[in-house]
Amino acid sequence: MMWALAIIAAIIAMLAVAGVVKDAIDLHRAIKARAERDREWRVHELRVIADHEARHHTETEGQ
């Protein structure tokens, strides 16, 4: 009977470890996805700023 409880406890422990590993992997993927979105947003911001500066430069040249 004790061996059955030991097996059940070991299975529960393995499932707990598997859950922690899965959570860590999911967190890592979420962090990578957030970094990629941040990079894309920064590229967009820089493009908008560059367009604005180019427009401003063109307008001041024409005057």
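Odds and ends about this structure:
- Figure note: M1, M14 ranked by solvent-accessible area, largest first, 1.4 Å probe, ligands and nucleic acids not counted: M1, M14.
- For L15, the accessible surface of its heavy atoms amounts to roughly 120 Å² (probe 1.4 Å, protein chains only, rounded to the nearest 10).
- Calculated FRET value between R29 and E61, using beta carbons and R₀ = 35 Å, to 0.05: 0.15
- For the pair W41 and A10 in one chain, pulling the backbone fully straight at 0.36 nm per residue adds 6.5 nm over the alpha carbon distance.
- Accessible surface of the chain [probe 1.4 Å, protein heavy atoms]: carbon and sulfur percent: 68
- Per residue, the solvent-accessible area of the chain (1.4 Å probe, heavy atoms of protein chains only, all protein chains present) comes to 94 Å².
- All Cα-Cα distances of the chain, cut into 5 Å bins from zero to the largest, leave 3, 15, 9, 10, 8, 7, 8, 6, 6, 6, 4, 5, 3, 3, 3, 2, 1, 1, 0 percent in each bin in turn.
The values are calculated or read from the model by the stated rules, or taken from the named source; none is laboratory data. The structure displayed is predicted, hence computed values, not measured ones. Cβ sites come from the backbone with ideal geometry, for glycine too, and all protein chains shown count toward neighbours. Just so you know, the surface numbers come from the protein's heavy atoms only, side chains and all, with ligands and any DNA or RNA stripped out. Shrake-Rupley method; radii C 1.70, N 1.55, O 1.52, S 1.80 Å.
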